[in-house]
Amino acid sequence: MNKIEMLNSIIKSSEYIVFFGGAGVSTESGIPDFRSKDGIYHIQSKIPPEEILSHHFFVHCPEEFYTFYFQNLVNLNVLPNVCHQKLALLEKQKKLKAVITQNIDSLHEMAGSVNVLHLHGKMEDNYCIKCNKYYPLKEIMRYTLPKCSCGGIIKPDVVLYEEPLCTEILDEAVMHIEKADTFIVAGTSLTVQPASSLVQYFKGKNLIIINYENLNNLPATLVIQDSVCHVFSSIDLEEE
Ligand code: CNA
């Protein structure tokens, strides 16, 4: 049996699949990741991207933050790819119970997934830091420094470096991982804490890793070093 046949056989026999993804899930939709050679961390800029995407930088230099953010992370013209689509279908078929994502795009929801746990928040949601008024992404994109009608600066509801994760979302993610019989980890370098330590909660049968690079030290049942889209396009699911 080759690896794709093994994956199909595991999915067929699974009853509680949980998917944990990172930026690599959306690269084939046209959004760069952080750490690959074409990733955002390799952009030449005077200030390192890790610094720009930090809480203290947002507080002190919000306009510079937004210039970088709008140029490099936000793209309204992207569409879900076959990975997002197959996951939505697996959820419809009641095999997939949750998508846990570190991504701040909304491509899983656009593809039709319902139970999506955004560990790092969503670009779509933005709030005034003074009065908490909500602003959708399209509206704030009209300004170089988005400000609320009350005068407060608007902040994307995404987790910047130095900011904590939402404990409710983290707890829900752990609950699903603990219940899962199959845990698929795809398109993430697993370098960002505490998201990366989520794998340790998995006690089920099949840990599947899909990534271009080899992630060592994980007790995986199946490792597929390939493109997320290539792998998901080979998953056999009967359309309803
Ligand atoms: P990362 O550290 O950039 O790692 C991405 C991983 O995915 C690497 O190991 C790549 O080898 C692998 N990869 C990239 N493309 C593919 C592909 N098509 N097929 C298979 N493997 C692939 O990103 P992580 O998600 O691990 O790090 C977490 C950060 C990235 C979170 O804070 C995110 O908010 C942040 N991020 C999100 C987006 C987005 O929302 N689409 C984009 C860029 C960064």
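No value in this document is a laboratory result; all are computed from the given coordinates. A quick note: this is a predicted structure, and the numbers were derived from the prediction, not measured. Every residue, glycine as well, gets a Cβ built from its backbone with ideal geometry; the counts of neighbours run over all protein chains shown.
Mean separation of Cα pairs under 8 Å and 6+ residues apart, divided by the residue count of the chain: what relative contact order is that in percent?
Across the chain, relative contact order equals 24 percent.
Could you tell me the calculated FRET efficiency between Val114 and Lys147, based on Cβ-Cβ distance and R0 = 22 angstrom, to the nearest 0.05?
Efficiency computed from Cβ-Cβ geometry: 0.05.
Taking θ as phi - 60°, what are the ³J(HN,Hα) couplings along the stretch 134-148 by the Karplus curve (6.51, -1.76, 1.60), each to the nearest whole Hz, with x for Gly and Pro?
3J(HN,Hα) across the stretch 134-148, in whole Hz: 7, 9, x, 4, 4, 6, 6, 5, 7, 10, 6, 10, x, 10, 7.
Per residue of the stretch 220-233, what does 6.51 cos²θ - 1.76 cosθ + 1.60 with θ = phi - 60° give for ³J(HN,Hα)? Whole Hz please, x for Gly and Pro, Karplus curve as stated.
7, 7, 8, 10, 10, 8, 7, 6, 3, 5, 4, 5, 5, 5
What is the helix-to-structure angle for 3-13, meaning the angle in degrees between its Cα long axis and the longest Cα principal axis of the chain, kept from 0 to 90 and rounded to the nearest 10?
90 degrees
Which value results when the Cα radius of gyration for the stretch 164-204 is divided by 2.2 N^0.38 Å?
Taking the Cα Rg and dividing by 2.2 N^0.38 Å, one obtains 1.14.
Using every Cα-Cα pair within the stretch 74-168, state what percent have a distance larger than 21 Å.
That tail contains 41 percent of the Cα-Cα pairs.
Computed over the Cα atoms of the stretch 68-123, what is the convex hull's projected area averaged over all directions, in nm²?
That works out to 3.8 nm².
To test your reading of the geometry: what angle, between 0 and 90 degrees and rounded to tens, separates the Cα axis of helix 82-92 from the longest principal axis of the chain?
70 degrees
Rounded to the nearest 500, what is the 222 nm mean residue ellipticity of the chain from helices alone, with -39500 (n - 2.57) per DSSP H run of 4+ residues and division by all residues?
-8000 deg cm²/dmol
Tell me, what HN-Hα J-couplings in whole Hz come from the Karplus equation 6.51 cos²θ - 1.76 cosθ + 1.60 at θ = phi - 60° for each residue of the stretch 112-117, using x for Gly and Pro?
Coupling constants for the stretch 112-117: x, 5, 10, 8, 10, 9 Hz.
Going through the cross-link list Lys92/Lys205; Lys86/Lys138; Lys37/Lys205, which pairs have a Cα-Cα distance over 29 Å in this structure?
Lys37/Lys205
So what are the radius of gyration and Dmax for the Cα set of the chain, in Å?
Using the Cα atoms of the chain, the pair Rg, Dmax is 18.4, 62 Å.
Using a basic spin-label model with each label point 7 Å from the Cα along Cα→Cβ, how many nm lie between Gln193 and Gln93?
For the pair Gln193/Gln93, the computed spacing is 3.8 nm.
Evaluate E = 1/(1 + (r/R0)^6) for Ser13 and Tyr161, where r is the Cβ-Cβ distance and R0 equals 41 Å; express this FRET efficiency to the nearest 0.05.
It comes out at approximately 0.55.
With everything on Cα atoms, drop me the angle between helix 62-72 and the longest principal axis of the chain, reported from 0 to 90° to the nearest 10.
Around 40 degrees separate the two axes.
So the label point goes 7 Å from the Cα of Asn132 along Cα→C-beta, right? Which residues of the stretch 103-120 then have their backbone N under 12 Å from it?
Correct set: none at all.
Express in nm, to one decimal, how much length is gained between Lys203 and Lys37 on full extension, taking 0.36 nm for each residue of separation and deducting their alpha carbon distance.
Result: 56.4 nm gained on full extension.
With the convex hull built on the Cα atoms of the stretch 1-124, state its orientation-averaged projected area in nm².
If I average the Cα hull's projected area over directions, I get 8.8 nm².
To the nearest Å, what is the center-to-center distance of the stretch 43-117 and the stretch 179-203, using C-alpha atoms only?
The two parts, judged by their Cα centres, are 18 Å apart.
Expressed as a whole percent, how much of the Cα-Cα distance distribution for the stretch 132-240 exceeds 18 Å?
Of all Cα-Cα pairs in the stretch 132-240, 65 percent lie more than 18 Å apart.
Taking the simple approach of a point 7 Å from Cα along Cα-to-Cβ for both Asp236 and Glu50, what is their distance in nm?
4.5 nm
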